[in-house]
Amino acid sequence: MPMRIRPLPPARPERSCLLALCVPALDGLTPDLLQQVDHTLAQCDAASLRDDVQIVLAEAINNIVEHAYAGPDFGAVALRVTLTKTSLCLHLTDWGHPFRDNANPDGQVPDPQDRSEGGYGWFLIRALASRTRYTRKAGRNRLCLLFRIPGTHPG
Amino acid sequence: MELIVEHHAAATLIRVNATRIDAPTALQFKEEMRSLTTRGDGRYILDLQQVIFIDSSGLGAVVASMKQLRPGQTLELAALQPIVDKVFRLTRMDTIFTIHADADQAIAPGKT
């Protein structure tokens, strides 16, 4: 496969990387990953987003474990957490199956009267993240989950 | 996942002795709830005082625990911590459960 060499993107000093790691996509490891992110956020300006980040990140990783690496497939998930003055962003990468057409739903809330046992994951992500962006490129799934920091105005 | 059962006159109290009901533990939670409710009747109160985190799998397991009840049994919830409370409110599942601020209050004499 031909490789193209690209110049490095210009450094963005206004955006700092708080955490970058890559772990096996196994649901048993998710609590540890969530805890690391939570400890990181507790020490920065985005501490007010801690609960929302826990809820959203858990759902995003569950989706990767259950759908991107469905069945016997096994793989890794990479996470980068970046911070600007106005927003916090979770960048998730996996090397599994792409989202199916119906697996990246618009996140409608199930009717409580249906007593549904599933279907809440994407709803919670969309309800709590300010913006979500999914891209599929070169065999990778990338999901960016952006949270505006309360009380700040995007520049 | 450890569930501690206390029988009181007003209700059966099930204390969740774990900090999370999530993807790794949801199935076990659901199965243990099933075995705890195979007999008996009346009110069951799930005390979530120690549960600081729940995800959609855990929420589904709590809903499943309610759906697998037998006639004459009801499931109520108590002591929702901030993240658990938020997940129930956002999904509006707080509208299909009776929710108590505190489990001991829920089993106080005279409460039904």
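Less than 20 Å from a label point 7 Å out along the Cα-to-Cβ axis of A:SER130: which backbone N atoms in region A:56-76 qualify, by residue? In region A:56-76, the label zone of A:SER130 (backbone N under 20 Å from the point 7 Å along Cα→Cβ) covers A:56-58, A:60. Buried surface for the B/A pair, taken as the accessible area of each chain alone minus that of the pair with a 1.4 Å probe, is close to 2000 Å² in total.
In chain A, helices alone account for a calculated mean residue ellipticity at 222 nm of -7000 deg cm²/dmol, with every DSSP H run of four or more residues adding -39,500 (n - 2.57). Within chain A, the whole DSSP H helices whose Cα atoms reach 15 Å or more along their own axis and whose mean Kyte-Doolittle score is at least -1.0 are A:30-42, A:50-63. Dividing the radius of gyration of the alpha carbons in the protein assembly as shown by their Kirkwood radius gives 1.03 for Rg/Rh. Bridge orientation summary for chain B: considering DSSP beta bridges with both residues in this region, about 25 percent are antiparallel.
At a Förster distance of 25 Å, what's the computed FRET efficiency of B:ALA101 paired with A:GLN35, Cβ-Cβ distance as r, to 0.05? The pair B:ALA101/A:GLN35 has a calculated efficiency of 0.35.
Take each residue in A:115-127, count the other chain C-beta atoms within 10 Å of its C-beta, and the mean is 5. Between the C-alpha center of region A:5-79 and that of region B:20-69 there is a gap of 27 Å. Summary value for chain A: 25 percent relative contact order, contacts being C-alpha pairs under 8 angstrom separated by 6+ residues. When you count the other C-beta atoms within 10 angstrom of each residue and take the mean per peptide, B:16-25, A:35-44 line up highest first as B:16-25, A:35-44.
Beyond 21 Å, the tail of the calculated P(r) for region B:40-112 holds 23 percent of the Cα pairs. Put a dot 7 Å past the Cα of A:LYS137, heading toward its Cβ, do the same for B:ALA9, and the two dots end up 6.9 nm apart.
Remark: mean inter-chain Cβ contacts per residue of B:95-101 equal 1, using a 10 Å Cβ-Cβ cutoff to other protein chain atoms. In this rough spin-label picture, where each label sits 7 Å from Cα along the Cβ direction, the A:GLN108-A:HIS153 distance is 3.7 nm.
Computed log10 I(q)/I(0) for region A:45-155 at 0.14, 0.22 Å⁻¹: -0.60, -1.25, from the Debye equation with unit scatterers placed on every C-alpha and solvent omitted.
From its DSSP helices (H runs of at least four residues, each -39,500 (n - 2.57)), chain B gives a residue-normalised ellipticity at 222 nm of -9000 deg cm²/dmol. The loop-placed trypsin sites (Lys or Arg not before Pro) in region B:49-110, going by DSSP, that have at most 14 neighbouring Cβ atoms within 10 Å of their Cβ come out as B:ARG92.
Per residue of A:21-30, other chain Cβ atoms within 10 Å of the residue Cβ number 2 on average.
Sorting the segments A:107-113, A:50-56 by their residues' average number of neighbouring beta-carbon atoms within 10 angstrom, most packed first, yields A:50-56, A:107-113.
The values are calculated or read from the model by the stated rules, or taken from the named source; none is laboratory data. Remember, it's a predicted structure, so these values are computed and weren't measured experimentally. Using ideal geometry, Cβ is built from the backbone for each residue, glycine included, and neighbour counts are taken over all protein chains shown. Just the protein is used for accessible areas: all its heavy atoms, side chains included, with ligands, DNA and RNA removed. Shrake-Rupley method; radii C 1.70, N 1.55, O 1.52, S 1.80 Å.
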